[in-house]
Amino acid sequence: MSDTPTTHMDAADRLGTEKIGKLLLRFSIPAITGMIVNALYNVVDRIFVGRGVNEVALGGLSLVLPLMTITMSFSMLFGIGAANMISMRLGQGRRDEAENALNHCFWLLIGMGIILMAVELALLDPILSLLGAQEGSTALSYARSYYRIILFGQVFLLVGFGFSHCTRAQGFPTITMLSMFIGAGMNMILDPIFIFVFHWGVEGAAWATIISQLAAAIWILSFNFSKKAVIRLRLKTFKPSLNIVGQIMVFGSAQFFLQFVMSAVQLLYNSTMGWYGVEALGVANGGDIALSGMNINGSILMLILMPIFGINQGAQPILGYNYGAKKYHRVLRAYLAATAAATAIATLGFILAELFPVQLIRLFAPNGSPALMRFAPWAMRVMMIMLPLNGFQIVSSNFFVVTGRPKTSIVLSLMRQCIALIPCILIFSRIWGLWGAIAATPVADGVAFLFTGIMIIFELKKLRSHAPQ
């Protein structure tokens with residue numbers, strides 16, 4: 001379906017008038033496609049590295065995952081924060097403020113990308129030493145080679161991913177989807193060339209990634225500079241405002257904290273794999289093998305969750321616009337529809353992971369060692385037992401941002417990733433070692449579901465009281 005409106009404001013106005021089901025499909029399908037394609041940046045790297053280098057190199061990519069997650073957290077802080085502000089201001093008819101948020105987002109993403117690159121390049125070795133590898137890990141050398149190159153593309157990643165949210169918030173989900181297609185498509189083409197033809201190993205995967213991110217960033221920025229956008233980037237007339245920066249950060253804080261804490265969880269998991277991998281798997285490089293297994297399982301989980309995040313992002317402009325326009329009955333319908341769709345996808349992912357774990361693992365490691373094939377399928381089945389609950393939790397925690405309660409959203413987002421999960425990992429691993437660390441995930445999922453369910457009942461009751469009967 002075309003994103004081209006008859007007037008500049010039509011794309012936003014449709015959010016308050018079209019049927020909710022039709023809107024959710026129109027916004028979510030491109031978002032789902034885009035999120036899956038965006039996930040392929042990392043997943044494709046891992047597939048080709050696992051097949052073209054070795055399974056230990058997969059552990060190296062797992063080591064730097066916390067650092068890459070931190071970068072994504074800043075992209076979400078400014079990108080999602082500005083997007084929430086844009087959709088709400090357009091719903092309120094305050095177009096100038098929406099455009100001002102877009103311009104602030106651009107400079108915040110550029111500035112943060114440069115800062116992160118400079119700091120991490122200067123402190124790369126000390127940072128890598130803290131990533132949780134077992135002593136003498138071969139995976140650590142792969143991590144260093146890969147991430148040193150990735151750092152030069154930090155700005156491209158931040159701008160491309162951050163502005164995808166802002167473009168969707170204006171009513172142009174297909175433009176965002178095409179941006180992700182361009183990036184991931186180039187990555188899938190360049191990865192096998194650099195790894196199998198040029199024999200560049202993990203460095204080839206890194207170069208393929210940053211070149212692809214540059215192409216995606218150029219595409220999304222060119223649209224936002226053009227007259228086709230509802231609101232445009234206007235660098236010459238930009239006037240910085242700490243007040244607007246603060247509002248953007250408040251609106252994006254829930255997803256920022258979620259992503260940031262995810263990096264801490266990833267670091268803790270990496271350390272746990274290093275500490276307990278040798279004993280649990282009975283091989284000298286058990287820590288590296290466990291890292292590789294977790295990397296594969298994380299990639300598969302990412303592919304399952306990305307459609308849910310896509311539904312969540314597709315619903316965001318619908319929820320934000322209608323809440324800003326005080327059309328609370330439409331907000332309620334959009335939330336319930338998004339929750340149902342997210343739960344269906346999570347349940348399908350659960351079925352696939354429980355029935356075909358070995359086949360999924362062999363996509364990444366067709367010649368996986370006996371230790372890897374003993375550990376990874378079992379870990380997948382255990383970690384994803386509570387997966388059907390995740391769709392509800394993801395959509396519901398973000399719902400509180402739209403209704404003006406970002407602190408509640410932060411708490412609910414942190415419930416699984418921090419408040420419940422980290423203590424479970426620490427306690428269970430002390431008792432049951434590596435296997436206990438794996439069992440921590442479904443327990444945390446269950447706790448987060450209960451807390452989110454209690455909070456959302458009260459929020460929906462309040463929303464229904466405002467909606468016409």
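The values are calculated or read from the model by the stated rules, or taken from the named source; none is laboratory data. All figures in this text were calculated on a predicted structure; none of them were measured in a lab. Methodologically, a virtual Cβ is constructed for each residue, glycine included, from the backbone with ideal geometry; neighbour enumeration extends over all protein chains shown. When the accessible area is computed, the model is the full protein with side chains, heavy atoms only, and any ligands, DNA or RNA have been set aside. Shrake-Rupley method; radii C 1.70, N 1.55, O 1.52, S 1.80 Å.
List of remarks:
- Selection over segment 327-349 of residues that are part of a helix (DSSP H, G or I), open to solvent by 30 Å² or more (accessible area, probe 1.4 Å) and either more than 15 Å from Q393 (Cα to Cα) or touching a Cys at 6+ places or on another chain (Cβ under 9 Å) (or both) gives a count of 4.
- Contacts under 8 angstrom Cβ, first residue in segment 379-391 being over 26 Å from Y335 (Cβ atoms), partner of a type in the set (G, A, S) and open to solvent by 10 Å² or more (accessible area, probe 1.4 Å), 6 or more apart: V382/A439
- Of the residues in segment 365-382, at least one is in contact with a Ser or Thr (Cβ under 9 Å, 6 or more places away or on another chain), outside any helix (DSSP H, G or I) and crowded, with 21+ Cβ neighbours inside 10 Å.
- Test: G324 is surrounded by 20 or more Cβ atoms within 10 Å (Cβ to Cβ) and either more than 20 Å from L389 (Cα to Cα) or without any contact (Cβ under 8 Å) to a residue 24 or more places away in the chain (or both): yes
- Counting the residues of segment 183-211 that are hydrophobic (A, V, I, L, M, F, W, C) and not in a helix (DSSP H, G or I) gives 2.
- Among the conditions (1) open to solvent by less than 20 Å² (accessible area, probe 1.4 Å); (2) at pLDDT 95 or above; (3) not in a helix (DSSP H, G or I), the only one that I385 does not satisfy is (1).
- Index of the failed condition, A133 passing every other in (1) assigned to a loop (DSSP other than H, G, I, E, B); (2) out of contact with any Asp or Glu (no Cβ under 9 Å at 6 or more places or on another chain); (3) open to solvent by 20 Å² or more (accessible area, probe 1.4 Å): (2)
- Pairs, first under 15 Å from V56 (Cα atoms) in segment 356-369, second among the hydrophobic types (A, V, I, L, M, F, W, C) and assigned to a loop (DSSP other than H, G, I, E, B), C-beta under 9 Å, six or more apart: S369/V283
- A single entry from A264, A254 fulfils the requirement of being under 18 Å from R416 (Cβ atoms) and in contact with a Cys (Cβ under 8 Å, 6 or more places away or on another chain): A264.
- S141 vs. criteria more than 30 Å from F223 (Cα to Cα), open to solvent by 10 Å² or more (accessible area, probe 1.4 Å) and part of a loop (DSSP other than H, G, I, E, B): no
- Among the criteria (1) open to solvent by 30 Å² or more (accessible area, probe 1.4 Å); (2) more than 18 Å from M262 (Cβ to Cβ); (3) modelled with pLDDT of 90 or more, the one F458 does not fulfil is (3).
- Screening the candidates R51, R94, R46 for the property of being of a type in the set (K, R) and out of contact with any Phe, Trp or Tyr (no Cβ under 9 Å at 6 or more places or on another chain) yields one hit, R94.
- Per the listing I311, I318, I361, the residue uniquely more than 30 Å from K22 (Cβ to Cβ), of a type in the set (V, I, T), open to solvent by less than 60 Å² (accessible area, probe 1.4 Å) and assigned to a helix (DSSP H, G or I) is I361.
- Residues within segment 412-442 that are in contact (Cβ under 8 Å) with a residue 40 or more places away in the chain and part of a helix (DSSP H, G or I), tallied: 17
- Unmet requirement for A284, which otherwise passes all of (1) assigned to a helix (DSSP H, G or I); (2) without any contact (Cβ under 8 Å) to a residue 24 or more places away in the chain: (1)
- Selected residue (only one of G81, G52 is open to solvent by 10 Å² or more (accessible area, probe 1.4 Å), more than 25 Å from W275 (Cβ to Cβ) and either in contact (Cβ under 8 Å) with a residue 60 or more places away in the chain or of a type outside the set (K, R) (or both)): G52
- Residue within segment 106-125 that is in contact with a helix residue (DSSP H, G or I) (Cβ under 8 Å, 6 or more places away or on another chain), outside any helix (DSSP H, G or I), over 30 Å from R14 (Cβ atoms) and open to solvent by 10 Å² or more (accessible area, probe 1.4 Å) present: no
- Among the residues listed as S253, S222, the single one being over 22 Å from I410 (Cα atoms), of a type in the set (S, T, N, Q) and either open to solvent by 30 Å² or more (accessible area, probe 1.4 Å) or in contact (Cβ under 8 Å) with a residue 60 or more places away in the chain (or both): S222
- When I36, I70, I32 are screened for being modelled with pLDDT of 85 or more, in a helix (DSSP H, G or I) and within 29 Å of V250 (Cα to Cα), only I70 passes.
- Boolean, N243 is touching a Leu at 6+ places or on another chain (Cβ under 9 Å), polar (S, T, N, Q), assigned to a helix (DSSP H, G or I) and under 24 Å from R94 (Cβ atoms): no
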